[in-house]
Every structure is written in C-alpha cells, then in structure tokens.
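A.B. asks: The structure under discussion is supplied below as structure tokens; questions concerning it will follow.
Just so it is clear, none of the values below were taken in a lab; they were calculated from the coordinates. Owing to the predicted nature of the structure, the values given are computational and were not obtained by experimental measurement. Positions of Cβ are backbone-derived with ideal geometry, glycine not excepted, and every protein chain shown enters the neighbour counts.
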Amino acid sequence: MPPRLKISHFLVLKNPLVSITPLCKLDRDIQDADPYLYGSCKQILEMDPEAVDQDVLILTFVHEIDELGSRKLVELCPDGKSITVNSKNRELYVDSLIQHRFVRSISEQVAHFAKLR
C-alpha cells in the first residue's frame, strides 16, 4: 500500500486565547487545498528508494515560489540549498514543503488576524 500523506501541522500563536490551531489534519485537506502539491509529494514518497538515492529527482531542500511575477527560492531549512533529497530524508522534505506551504508562508497573516480577534 502506498504511503499516505497524513500530516498534522500546528501553528502556535502568541495570543493566549488561541494557543494551538490545527491547520491540516488529514491528507484530504492537503489534496483539496493544493492538488498539484499533493500529487508531487505523493510521487516523491512512492518512488523507488534506489531511484531517489541516484538523485533522479535533482531536488534540494529549497522551494521555488512566484512572488509578484518574479521567482524566489525559499530554503526549507538552514542551508537547504546544499541538502540533496534522498530516500532517508524525503519524508522530512515533503513535511518541510507542506509546512512551508500551509504554515510558514501565511504565518504573518494568521498572526495579524489573531490580533484582531
């Protein structure tokens, strides 16, 4: 059976009334929110470990985003551009990618919204 993307992320806010808010509890949430990201992550997790270790993916812990019409590289961890994705760290890569997409990239907006409450 292929691995499922069951990833739970929590955003800790500084507001004492809202201490922990679940963002993505089920794999269905990720699939519904971003089908392309879900499909890509699923393929990475289901790939043959030997193929991943041969650097077939040519991936590092970096995510490329489009910001106001220009491409920007975001490191998913410190020195992410020098860490190659392999069979041992691909789950961490997928988790980091989803963490960035659904938590870190919107954390400022969520924190601001929480202040308004």
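A.B. asks: Please state which one of V103, V85 is within 29 Å of K115 (Cα to Cα), aliphatic (A, V, I, L, M) and either surrounded by 14 or more Cβ atoms within 10 Å (Cβ to Cβ) or out of contact with any strand residue (DSSP E or B) (no Cβ under 9 Å at 6 or more places or on another chain) (or both).
C.D. replies: It is V103.
Residues checked against (1) more than 20 Å from I30 (Cα to Cα); (2) part of a helix (DSSP H, G or I); (3) not polar (S, T, N, Q):
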{"residue": "K42", "(1), (2), (3)": "no, yes, yes"}
{"residue": "L45", "(1), (2), (3)": "no, yes, yes"}
{"residue": "H63", "(1), (2), (3)": "no, no, yes"}
{"residue": "V94", "(1), (2), (3)": "no, yes, yes"}
{"residue": "S105", "(1), (2), (3)": "no, yes, no"}
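A.B. asks: Moving on. Output the number of residues of the range 68-92 satisfying the condition of being under 24 Å from Y38 (Cβ atoms) and outside any helix (DSSP H, G or I).
C.D. replies: Of the residues in the range 68-92, 14 are under 24 Å from Y38 (Cβ atoms) and outside any helix (DSSP H, G or I).
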